[in-house]
Each structure stands twice: as structure tokens, then as C-alpha cells.
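Remarks on the structure that follows.
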């Protein structure tokens, strides 16, 4: 009887020693098993996408992160106003933008401008942009305000508040159009910036549109 038991044990040991380790044997699979000798069809391959559940574009099917994740905006400022200002070229066209601090802290805000186009640059005199922010006005050629406006959490500044924004386009009597981007940013963190584009159209016969409230 003992002989039979020893024989069965020996067979079991030999069988176990001969059994190949199973697993994924494909080196390009994400679960590749270098020790596996026999493929068990368990290989999993990369599906590129965003793998962060906190991202707005999280892909539940993605197995490999491709750095495409995007997240909800954490910008401190919201800017609203008219995107189009029209009027007679003999008048100074004016844009008033409303700036609100939606963060939970007080921030010092600076304004910069980015002139995009101006069909009146060859006129004599040439059409030009100017702006005011933080209680100081800046003439043609100034791109960044020297003055800051301090906004507390939840504060809205709008015309005619002293620190409020106002942007101007002077066509000096000659028909022209101009497009400009006004950007407002946290002076302590310039990447925390919100921009707003305004188009000015100065043509005879066009009634000036009302300023935003």
C-alpha cells in the first residue's frame, strides 16, 4: 500500500515539475509575464487615453495614459461684455468690460492688451487703441497696465467703478475696423489669466451701440 502511495506522489511531483507556467507571453502587452512559458490568452494591450477619473475627459476604456487629461477650469476671473462695438468714425468707440473675481481669495489684477488687427493703421492720422484699468489710462503703445486693481473674493468691477476697465478705439474720422484682446490676470500668477476679444467697427452711418451694463 505504501508503495502505491509513494508511486502516486512521485508521479504528482513529476507532473508538477513538467507543467509549464502560464501567462501572457507577448512582450508588447502591458501585463507581459517574462516567466510565462505558455500563453493563456490573458494579454492586455495599451488603449491610449486619459486614465484619471478626476479629469473631464476620463476614458474608462483607456489602459495607458497619453497625457491628454484635461481638468475643470480653476481660473480666478470671469470677464463679460460686448464683443462688438460700432459707431461713427468721428467718435471715440468705447468698450466696457466687467471683471469678477470668482476665487476664494483677494487678488491683484493687471490688464494687458493684444491688438489683433487694425485696418486704420495706414490712415492719416492712424487709428489707435488705448485703455484704462485700475484708475489709470494708457495711450497707444502701452500693452500692459502699470497699475493693479485689487479685487476681493466675489467682487465685480464694472464701469463707472474707478478701477474698472474701459477700452477705446479712435478712428479720427476715417472708416476702419479694429480687433483687440483684453487679458486680465493675477499678478502673483500670470498664468491665471482670462482674455476677452472685442471688435470695433467705425463707419459713417452706423449708430453707436449702447454700452454694456
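The values are calculated or read from the model by the stated rules, or taken from the named source; none is laboratory data. Nothing here was measured: the structure is a model prediction, and the numbers come from that model. Counting neighbours? That spans all protein chains shown, and the Cβs are built from the backbone with ideal geometry, glycine included.
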Being farther than 24 Å from residue 106 by Cα, modelled with pLDDT of 95 or more and either in a loop (DSSP other than H, G, I, E, B) or not assigned by TED's automatic domain parsing to the domain that holds residue 100 (or both), is that true of even one residue in segment 151-163?
no
Selected residue (criterion: farthest from the chain's Cα centre (by Cα)) from residues of segment 130-150 that are assigned to a loop (DSSP other than H, G, I, E, B) and farther than 21 Å from residue 117 by Cα:
135
Output for segment 130-152, where each listed residue is surrounded by 15 or more Cβ atoms within 10 Å (Cβ to Cβ) and on the phi > 0 side of the Ramachandran plot
134
Filter segment 33-57 down to residues that are in contact with a strand residue (DSSP E or B) (Cβ under 6 Å, 6 or more places away or on another chain) and buried (at least 16 other Cβ atoms within 10 Å of the Cβ) and give me whichever is nearest to residue 69 (Cα to Cα).
51
When you go through (1) loosely packed, with under 14 Cβ neighbours inside 10 Å; (2) farther than 22 Å from residue 74 by Cβ; (3) over 20 Å from the mean Cα position of the chain (by Cα); (4) at pLDDT 95 or above one by one for residue 127, which number turns out not to apply?
(1)
Quick check on segment 191-199. Is at least one of its residues in the same structural domain as residue 111 (by TED's automatic domain parsing), surrounded by fewer than 17 Cβ atoms within 10 Å (Cβ to Cβ), modelled with pLDDT under 95 and in contact with a strand residue (DSSP E or B) (Cβ under 9 Å, 6 or more places away or on another chain)?
yes
When every residue in segment 74-91 that is in a strand (DSSP E or B) and within 15 Å of residue 165 (Cβ to Cβ) is compared, the one farthest from the chain's Cα centre (by Cα) is 85
For segment 93-114, the count of residues that are exposed (fewer than 15 other Cβ atoms within 10 Å of the Cβ) and over 20 Å from the mean Cα position of the chain (by Cα) equals 3
Please determine whether any residue of segment 92-107 is in contact with a strand residue (DSSP E or B) (Cβ under 9 Å, 6 or more places away or on another chain), part of a loop (DSSP other than H, G, I, E, B) and under 21 Å from residue 201 (Cα atoms).
yes
Criterion: over 15 Å from residue 187 (Cα atoms), surrounded by fewer than 17 Cβ atoms within 10 Å (Cβ to Cβ) and at pLDDT below 95 - qualifying residue of 117, 73
73
Run residue 53 past the list (1) more than 23 Å from the chain's Cα centre (by Cα); (2) assigned to a loop (DSSP other than H, G, I, E, B) and report the number of the one that doesn't hold.
(1)
